[in-house]
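J.: Just passing along the structure, written as structure tokens.
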Amino acid sequence: MEKGHSKLFERIKQYYPRLTRGQKALAEFITTHYDRAAFLTAAKLGQIVGLSESTVVRFASALGYNGFPELQEDLQEMVKNKLSTVERLELSADYMAQESVLKKVLQTDIENIRLTMEEVSENEFDSAVEAILDANRIYILGLRSAAALSNFLGYYLNLILQNVNIVNLGLSDIYEQLLPAKSGDLIIGISFPRYTRITVEAFEFAKNRGAKAIAITDSSLSPLGRKADFTLVAKSDMASFVDSLVAPMSVINALIIAVGMKEKSRISETLATLEEVWTHHKVYMAKERNDLLGFK
């Protein structure tokens, strides 16, 4: 890991001469075992180093943080962007062993939604909705785990607007699919740590061709966020090899609903037509299921 790129390590280097002996021991442990320390509580970290929880809290203050959670946030940000999937799997064992995996994952998802509510900008959201409605053609780009989000957003937006292209890795190259992008069009990029390189580069490619750009990502300073005209922040932190997509999905749901409300008459006509098609082709099994349950 390149420690010079970590805000935490920069602070440790700056304040190290002024730290107490115990705080220096903490600094050395964190510098050496950052991947493990990132997901330990203050009490557990102190126990491992042989210090009290209050010493850990004072250590965070000595580095200029408002508290240990703020220090830990910097540490986790560094870890999640750098660790491989295998490394994340290994470190998740200690983190998830602290309590029920089910409860821990649900609590983490709840926290991600809470943080997203605090950080996502209503103005950026409203501007993104208007950009979607104004676009001649919309390209949605999300690869790897973000492909599920991309397909979900594309499916519903296309029901409403019918001018949506979901950009996928397939028979044609990503750049070939984005080649028609021009002024008046829109690219929506979706990417979370560890950011997929081709998503970032293709996102920039479409923007350079004149398309407006909306990023759905974890920070306005992320590789996508720095290139976007509008950034919708959604938290995806999870101490595991699996990314948490609950908060990003909530933001995407809000986008779809907001666009649908603006295009209510159009979507009503589309859905009415689709209901006829679905009924004619027996797309859904509601009637058959009711018959099996004894209902007519």
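The values are calculated or read from the model by the stated rules, or taken from the named source; none is laboratory data. As the structure is a prediction and not an experimental result, all values here were calculated from the model. All Cβ positions, glycine included, derive from the backbone under ideal geometry; neighbour counts span all protein chains shown.
J.: I need the full set of residues from the range 35-48 which are in a helix (DSSP H, G or I) and surrounded by fewer than 17 Cβ atoms within 10 Å (Cβ to Cβ), in order please.
T.: Matches in the range 35-48: ALA43, LYS44, GLN47, ILE48.
J.: Continuing with the same structure: Could you check, for the range 212-223, whether at least one of its residues is assigned to a loop (DSSP other than H, G, I, E, B), surrounded by fewer than 18 Cβ atoms within 10 Å (Cβ to Cβ) and in contact (Cβ under 8 Å) with a residue 60 or more places away in the chain?
T.: First pass over the range 212-223, keeping only residues assigned to a loop (DSSP other than H, G, I, E, B): 218-223.
Okay, now just the ones that are also surrounded by fewer than 18 Cβ atoms within 10 Å (Cβ to Cβ), so 220-221.
Imposing the further condition that a residue be in contact (Cβ under 8 Å) with a residue 60 or more places away in the chain reduces the set to none.
Checking the range 212-223: not a single residue is assigned to a loop (DSSP other than H, G, I, E, B), surrounded by fewer than 18 Cβ atoms within 10 Å (Cβ to Cβ) and in contact (Cβ under 8 Å) with a residue 60 or more places away in the chain.
J.: Does LEU91 meet the test of being under 19 Å from SER219 (Cα atoms), modelled with pLDDT under 75, outside the structural domain of ILE256 (by TED's automatic domain parsing) and of a type in the set (A, V, I, L, M, F, W, C)? I'd like the intermediate steps shown before the answer.
T.: Numbers: under 19 Å from SER219 (Cα atoms): no; modelled with pLDDT under 75: yes; outside the structural domain of ILE256 (by TED's automatic domain parsing): yes; of a type in the set (A, V, I, L, M, F, W, C): yes.
Answer is no for this residue.
J.: Kindly check whether there is at least one residue in the range 49-66 that is in contact with an Asp or Glu (Cβ under 9 Å, 6 or more places away or on another chain), in the same structural domain as LYS13 (by TED's automatic domain parsing), surrounded by 14 or more Cβ atoms within 10 Å (Cβ to Cβ) and within 30 Å of PRO223 (Cα to Cα).
T.: Yes, there is a match, as at least one residue in the range 49-66 is in contact with an Asp or Glu (Cβ under 9 Å, 6 or more places away or on another chain), in the same structural domain as LYS13 (by TED's automatic domain parsing), surrounded by 14 or more Cβ atoms within 10 Å (Cβ to Cβ) and within 30 Å of PRO223 (Cα to Cα).
J.: Continuing with this model, one more query. Of the conditions (1) assigned to a loop (DSSP other than H, G, I, E, B); (2) under 23 Å from the mean Cα position of the chain (by Cα); (3) not β-branched (Val, Ile, Thr), LYS207 fails just one. Which one is it?
T.: Here LYS207 meets the rest and fails (1).
J.: Give me the pairs: first residue in the range 13-34 and under 17 Å from LEU45 (Cα atoms) and buried (at least 17 other Cβ atoms within 10 Å of the Cβ), second residue among the hydroxyl-bearing types (Ser, Thr, Tyr) and at pLDDT 85 or above, beta-carbon distance under 9 Å, and six or more apart or on different chains, which are they?
T.: If the second residue must be among the hydroxyl-bearing types (Ser, Thr, Tyr) and at pLDDT 85 or above, the pairs left are GLY22/SER52; GLY22/THR55; GLN23/TYR15; GLN23/TYR16; GLN23/THR55; LEU26/THR55; ALA27/TYR15; ALA27/TYR16.
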